[in-house]
1. Pull up the stretch 41-77, narrow it to residues that are under 16 Å from residue 230 (Cβ atoms) and in contact with a helix residue (DSSP H, G or I) (Cβ under 9 Å, 6 or more places away or on another chain), then point me to the one that is surrounded by the fewest Cβ atoms within 10 Å (Cβ to Cβ).
2. Filter the stretch 230-242 down to the residues that are within 14 Å of the ligand (Cβ to nearest atom) and outside any helix (DSSP H, G or I), then identify the one that is surrounded by the most Cβ atoms within 10 Å (Cβ to Cβ).
3. It is to be established whether one or more residues within the stretch 98-106 are more than 22 Å from residue 281 (Cα to Cα) and surrounded by fewer than 23 Cβ atoms within 10 Å (Cβ to Cβ).
4. Name the helices (runs of 4 or more DSSP H) wholly inside the stretch 40-154 in which the number of residues that are on the phi < 0 side of the Ramachandran plot, modelled with pLDDT under 95 and within 13 Å of the ligand (Cβ to nearest atom) is 3 or more.
5. Being over 20 Å from residue 107 (Cβ atoms) and not in a loop (DSSP other than H, G, I, E, B) is the filter here, so list the residues in the stretch 15-33 that pass it.
6. What residue, among those in the stretch 29-39 that are touching a helix residue (DSSP H, G or I) at 6+ places or on another chain (Cβ under 7 Å) and more than 6 Å from the ligand (Cβ to nearest atom), is nearest to residue 123 (Cα to Cα)?
7. When both residues are 6+ apart or on different chains and their Cβ atoms are under 7 Å apart, which pairs have a first residue that lies in the stretch 103-130 and is over 24 Å from residue 79 (Cβ atoms), and a second that is away from the ligand (no atom under 16 Å from the Cβ) and assigned to a loop (DSSP other than H, G, I, E, B)?
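The values are calculated or read from the model by the stated rules, or taken from the named source; none is laboratory data. Keep in mind that this is a model prediction, so the values were computed, not measured. As a convention, Cβ positions derive from the backbone with ideal geometry for all residues, glycine included, and neighbour counts pool all protein chains shown.
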Ligand SMILES: C[S@@+](CC[C@H](N)C(=O)[O-])C[C@H]1O[C@@H](n2cnc3c(N)ncnc32)[C@H](O)[C@@H]1O
């Protein structure tokens, strides 16, 4: 099934009235949003397409081929926005967009270890060259720290019990695969609407990829380097991330006009078409023009 970009019409509407010459997308993934933004903005001269996962670039390249050299690939974390701009001698950008989280492509490739279904090495790195894996965290992090991660990043109610169960299991032998971890977590967590390992896997993925740190740094850089009248938009998938977006925009309110008092979620129609949009939230802001 083709990847359906989340909240696409709301994203397009956000940038609708902006002249986009230089646009930065931090999480280009399969290129779904990129293609639509490029189609809607023929005035784009440089589309900086960033993703830390090399597999994403391969996928997106096919979709974005018609735009040729307008699309510049950047392989790395979007939080390094300022470095990418400095290297290219670009002062400011006209628009910044991120759609964070794991892509369906990453979930589908079992051996990357993002999914609690099936069995795979405990990896979860979006950038396969970075050094920290989920296996390292699960086997080497102190119990208290593990509990904190599950509580803070997963909002897992049984965070301490999960950490305890992991520490007991790893005393016997190293935990190496997703199925081993699921077997340890399942008896301790609560069965609800979600699979019992959902929140633990979410928390590990966030920790492995420093997703919250990336978000804060990336947005701060975007606020600094977006031109007056330019726009910044971010789609997040859970309350922790959404809170960071909301607070970072609020902290920057001297420079920003916040365009979404409340975050924009999916329409009924979108929900039916694209279940991944269920928890998606879009927030957007405009860089204020300085009064003369
Ligand atoms: C949900 S997908 C994006 C889908 C994309 N909007 C589309 O329409 O195809 C998220 C992508 O962001 C990437 N990603 C997540 N965090 C990142 C970060 N901090 N820096 C760069 N890429 C990141 C992931 O590797 C993944 O490819």
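1. My answer is 45.
2. 234
3. Quick first cut of the stretch 98-106, residues more than 22 Å from residue 281 (Cα to Cα) only: none.
No, the stretch 98-106 has no match at all.
4. 54-64, 104-108
5. Kept after step one, since they are over 20 Å from residue 107 (Cβ atoms), are these residues of the stretch 15-33: 15-25.
Of everything in the stretch 15-33, those that are over 20 Å from residue 107 (Cβ atoms) and not in a loop (DSSP other than H, G, I, E, B) turn out to be 15, 22, 23, 24, 25.
6. My answer is 34.
7. Filtered contacts from the stretch 103-130: 110/118; 110/120; 111/120; 116/195; 116/197; 121/176; 122/175; 122/176.
Let's see how each residue does on (1) outside the structural domain of residue 28 (by TED's automatic domain parsing); (2) assigned to a helix (DSSP H, G or I); (3) touching a residue at least 24 places away in the same chain (Cβ under 8 Å):
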{"residue": "199", "(1), (2), (3)": "yes, yes, yes"}
{"residue": "215", "(1), (2), (3)": "no, yes, yes"}
{"residue": "218", "(1), (2), (3)": "no, yes, yes"}
{"residue": "223", "(1), (2), (3)": "no, yes, yes"}
{"residue": "228", "(1), (2), (3)": "no, no, yes"}
{"residue": "246", "(1), (2), (3)": "no, yes, yes"}
{"residue": "262", "(1), (2), (3)": "no, no, no"}
{"residue": "272", "(1), (2), (3)": "no, yes, no"}
